[in-house]
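Chemist: Got a structure for you, written out below as structure tokens; questions coming shortly.
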Amino acid sequence: MRILVIEDSDSIRHMIEALVSARGHEVRAVPTGSKGIDSALARPPDAILVDLHLPGSFDGFAVCRKIRENGSTREVPIIVISALTDPASKERALAAGATAYYTKPFSPTALLKELESLPASEGVQRREPA
């Protein structure tokens with residue numbers, strides 16, 4: 001599967017990238033919402049992992065809305081990974097188009113199970129773990 005990670009924290013972004021790629025998935029990781037939107041539209045991924053607190057003009061809520069507005073990415077699952085634990089933030093993210101919501105710190109095992117339960121797009125080759 002092709003996974004897009006949109007996370008501004010270098011350490012978290014690198015950790016997720018290593019975790020997901022170790023399971024044989026192709027990972028692209030970017031630090032801002034605008035780069036994430038550009039990346040998703042240029043080459044739609046099979047799933048997107050996004051933080052809600054992102055620098056610049058596109059936070060995670062805006063990323064979800066933009067992804068859902070575009071025909072080529074409308075159906076891409078969006079998994080939010082956020083430090084926001086309040087019910088209002090979760091509701092707002094789901095209303096913006098998020099498929100699932102994980103709070104930080106999150107369980108790497110649960111995240112991998114969530115990703116691997118998603119159907120892969122046709123023609124996408126899964127890489128075998130190294």
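The values are calculated or read from the model by the stated rules, or taken from the named source; none is laboratory data. Quantities reported herein were computed from a predicted structural model and do not represent experimental measurements. With ideal geometry, Cβ positions are generated from the backbone for all residues, glycine too; neighbour counts draw on all protein chains shown. Calculation scope for accessible area: heavy atoms of the full protein, side chains included, ligands and nucleic acids excluded. Shrake-Rupley method; radii C 1.70, N 1.55, O 1.52, S 1.80 Å.
Chemist: Report, by chain and number, residues whose modeled amide H sits under 5 Å from the one on Thr103, excluding near sequence neighbours (fewer than 5 apart, same chain).
Modeler: Ser82
Chemist: Quick check: pseudo-label points 7 Å beyond the Cα along Cα→Cβ at Arg65 and Leu94, how many nm apart are they?
Modeler: Taking the simple label geometry, Arg65 and Leu94 are separated by 2.0 nm.
Chemist: From the backbone phi of segment 9-22, what are the Karplus-calculated ³J(HN,Hα) couplings (6.51 cos²θ - 1.76 cosθ + 1.60, θ = phi - 60°) in whole Hz, Gly and Pro given as x?
Modeler: Residue by residue, segment 9-22 yields 6, 4, 5, 5, 4, 5, 5, 5, 4, 5, 4, 6, 5, 5 Hz.
Chemist: For segment 53-66, just list the computed ³J(HN,Hα) in residue order, Karplus coefficients 6.51, -1.76 and 1.60, θ = phi - 60°, integers in Hz, with x standing in for Gly and Pro.
Modeler: 8, 10, x, x, 7, 10, 7, x, 5, 5, 4, 4, 4, 5
Chemist: Determine the calculated [θ] at 222 nm for the chain from helices alone, applying -39500 (n - 2.57) to every DSSP H run no shorter than 4 residues and normalising by the residue count; nearest 500 deg cm²/dmol.
Modeler: Taken over the chain, the calculation gives -12000 deg cm²/dmol.
Chemist: Read through the labelled values [x] 13.4, 41; [y] 14.0, 47; [z] 15.8, 46 and report the label of the one computed as Rg and Dmax of the Cα atoms in Å from the structure.
Modeler: Correct label is [x].
Chemist: Right, next: Tell me the carbon and sulfur percent of the accessible area for segment 15-93, rounded to whole percent, probe radius 1.4 Å.
Modeler: Answer for segment 15-93 is 53 percent, counting heavy atoms of protein chains only.
Chemist: Only Cα pairs within less than 10 Å get springs; with that Gaussian network setup on the chain, which residue of Val50, Val27, Val63 has the largest fluctuation?
Modeler: Evaluated over the chain, the most mobile residue of the options is Val27.
Chemist: Shifting gears a bit: Just to check I understand the Karplus step: with θ = phi - 60° and J = 6.51 cos²θ - 1.76 cosθ + 1.60, what whole-Hz values come out for segment 76-93, glycine and proline as x?
Modeler: Values, residue by residue: 5, x, 10, 10, 7, 10, 9, 7, 6, 9, 6, x, 5, 5, 4, 4, 5, 5 Hz.
Chemist: Could you provide, to the nearest whole Å², the per residue accessible area of the chain with probe 1.4 Å?
Modeler: Accessible surface, normalised per residue, equals 50 Å².
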